[in-house]
Amino acid sequence: AQTVTQSQPEMSVQEAETVTLSCTYDTSESDYYLFWYKQPPSRQMILVIRQEAYKQQNATENRFSVNFQKAAKSFSLKISDSQLGDAAMYFCAYRDNNNDMRFGAGTRLTVKP
Amino acid sequence: EAQVTQNPRYLITVTGKKLTVTCSQNMNHEYMSWYRQDPGLGLRQIYYSMNVEVTDKGDVPEGYKVSRKEKRNFPLILESPSPNQTSLYFCASSLGTGYTYEQYFGPGTRLTVT
């Protein structure tokens, strides 16, 4: 079965600095999507960024970018110019055409003023 | 406004008392699913539905039932809740069943079973 691993239960970053959250996954599928979701204290799941496995170019959304290494099955999230509003739980997720959607355990990000 | 709604948002109940958590989406989405979120485990899929009258088990279906009689609704039923079903539950929907379709999540339901 596909698995998603987030090895950092907690991370902290200084406001305006850059932080990278790690994610690795295991799959035998060739076509799939990878996602990063943000969950603030409101508990709402907010899609931050997504990456299609067949695209080599790393996805970017404003201050958020990913480093997708397909061979290594690694999908890290980089947050640049961190803001207080970035403080949240971040989940890495995987989805394939077999309707299999897997989430990592999450990384709690603290932003220090 | 396009959204996924869940009710109730909070529920405290006792062991064995049947309950239903409703989920509704107004985006004409085909695919709907239920997840539970537990500390240290992330979100785990309970059941999903690819269309009306089509449902299938996810990773943790034991103790849960679902039905999909209408496209917009996908209720989660706990026939005899137990304390190990205390969790945060999310309903989600997407336009299609393939991996390319973004899932939209409801606001979550905090369930406590005593």
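Some observations on this one:
- One residue from B:30, B:53 being at pLDDT below 95, of a type outside the set (Phe, Trp, Tyr) and within 17 Å of residue B:106 (Cα to Cα): B:30
- Some residue of region A:72-82 being closer than 12 Å to residue A:36 by Cα, of a type in the set (A, V, I, L, M) and in contact with a helix residue (DSSP H, G or I) (Cβ under 7 Å, 6 or more places away or on another chain): yes
- Residues (out of contact with any Leu (no Cβ under 7 Å at 6 or more places or on another chain) and either within 23 Å of residue A:105 (Cα to Cα) or within 11 Å of another protein chain (Cβ to nearest Cβ) (or both)) located in region B:11-35: B:31, B:32, B:33
- Given (1) of a type in the set (Gly, Ala, Ser); (2) touching a residue at least 12 places away in the same chain (Cβ under 8 Å); (3) more than 25 Å from residue B:106 (Cβ to Cβ), number of the condition residue A:87 does not satisfy: (3)
- Which numbered condition residue A:97 fails, given (1) at the interface with chain B (Cβ under 8 Å from one of its Cβ atoms); (2) of a type in the set (S, T, N, Q); (3) in contact with a strand residue (DSSP E or B) (Cβ under 7 Å, 6 or more places away or on another chain): (3)
- Filtered by the rule that a residue be surrounded by fewer than 18 Cβ atoms within 10 Å (Cβ to Cβ) and aliphatic (A, V, I, L, M), region A:60-86 gives A:71, A:72, A:84.
- Positions within region A:4-54 being farther than 24 Å from residue B:6 by Cα, of a type in the set (A, V, I, L, M) and within 13 Å of chain B (Cβ to nearest Cβ), in sequence order: A:4, A:34, A:49, A:53
- Residue list for region A:28-61, restricted to those being touching a Ser or Thr at 6+ places or on another chain (Cβ under 9 Å) and over 20 Å from residue B:103 (Cα atoms): A:58
- Top-ranked residue in region B:70-110 [being within 13 Å of chain A (Cβ to nearest Cβ) and charged (D, E, K, R); ranked as farthest from residue B:23 (Cα to Cα)]: B:102
The values are calculated or read from the model by the stated rules, or taken from the named source; none is laboratory data. These numbers were taken from a predicted model, which means no experiment stands behind them. Heads up, the Cβs are rebuilt from the backbone with ideal geometry, glycines too, and the neighbour counts pull from every protein chain shown.
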